[in-house]
Amino acid sequence: MKQQLIQPGAGAFLISEPFLADSYFKRAVVLVSEHDDKGTLGFILNKPTDVNINDAVENFPEFDSPLYFGGPVEINTLFYIHTIGPILDGAKLISDGIYWGGDFDQLKLMIDSGQVTPEMIRFYAGYSGWDPDQLTHELDEKSWLVSASNARFTFYNDPKCLWSQVLRSMGHEYAIMANFPEDPALN
């Protein structure tokens, strides 16, 4: 079944086209968290680092969770996407049970007390951002496909396979793209 492509908006996935050469976004899946007339903000879901959240943030409760590279903007700032919901003060709904942000001190207490497990949250250094016309231009250039997101892929347990799995879920035409080599000269 072929998935209908949608317009970018909060809760959408941006999936890089197979041969996008940009080092940040090569084979990336970005969850759009905000999209309005001021621009677009999202997080790359499939670029884990070798750093654990405890190594990156001082005075953080012991928590077995890697830090992901969210994008090239504000890389010294911590962001998080989660399924904790509105019980975390200040959390913003992205779509269907997926939230981002919220009160950091409250989050640390919830982690310390065992109310939050690693399966419920992902931490990101930096974010991906586009000016209002920039994303439109990149979509016109066919640098990105846009698809509906879901919690399964947002918190996918094998980030290295996420790009191809999202494409396969979009139907036959896109599943074929999932098998394209990174270097077309190798085809």
Subject >> Sorted by Cβ neighbour density within 10 Å, fewest at the top, the residues VAL166, VAL73, VAL30 >> reply: VAL73, VAL166, VAL30
**OP:** Could you work out how far apart the two model spin labels at LYS108 and ASN54 are, taking each label as a point 7 Å from the Cα in the direction of the beta carbon, and quote it in nm?
**Re:** 1.5 nm
**OP:** Quick one: order PHE13, PHE25 by neighbouring beta-carbon count within 10 Å, fewest to most.
**Re:** PHE25, PHE13
Original post:
Applying the Karplus parametrisation 6.51 cos²θ - 1.76 cosθ + 1.60 with θ = phi - 60° to the phi angles of region 93-100, what ³J(HN,Hα) value in whole Hz is obtained for each residue in order, glycine and proline being reported as x?
Top reply: 5, 8, 5, 5, x, 10, 10, 9
Subject >> Under 14 Å, Cα to Cα: Lys pairs in the chain, sequence gap 8 or more or different chains >> reply: 4
**OP:** Would you work out if region 7-67 is rounded, prolate or oblate? Take a ≥ b ≥ c from the square roots of the eigenvalues of the alpha-carbon gyration tensor; rounded if a/c is under 1.5, else prolate when a/b is larger than b/c, oblate otherwise.
**Re:** oblate
**OP:** Can you tell me the relative contact order of the chain? Whole percent, Cα pairs under 8 Å, sequence separation 6 or more.
**Re:** 29 percent
**OP:** Based solely on C-alpha atoms, express the radius of gyration and the Dmax of region 28-134 in angstrom.
**Re:** 13.6, 44
**OP:** Convert each backbone phi in region 64-70 into a coupling constant with the Karplus relation 6.51 cos²θ - 1.76 cosθ + 1.60 (shift: θ = phi - 60°), then list the ³J(HN,Hα) values in order as whole Hz, x for Gly and Pro.
**Re:** 8, 8, x, 8, 9, 8, x
Original post:
In what sequence do TYR127, TYR156 fall when counting other Cβ within 10 Å, fewest first?
Top reply: TYR156, TYR127
**OP:** Using only alpha carbon pairs under 8 Å that are at least six residues apart, calculate the relative contact order of region 109-187 and give it in whole percent.
**Re:** 17 percent
Original post:
By its C-alpha gyration tensor, with a ≥ b ≥ c as the square roots of the eigenvalues, how is region 109-177 shaped: rounded for a/c under 1.5, else prolate for a/b larger than b/c, else oblate?
Top reply: oblate
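FYI, it's all coordinate maths here, none of it is from the lab. Nothing here was measured: the structure is a model prediction, and the numbers come from that model. Every residue, glycine among them, receives a Cβ derived from its backbone with ideal geometry; neighbour counts consider all protein chains shown.
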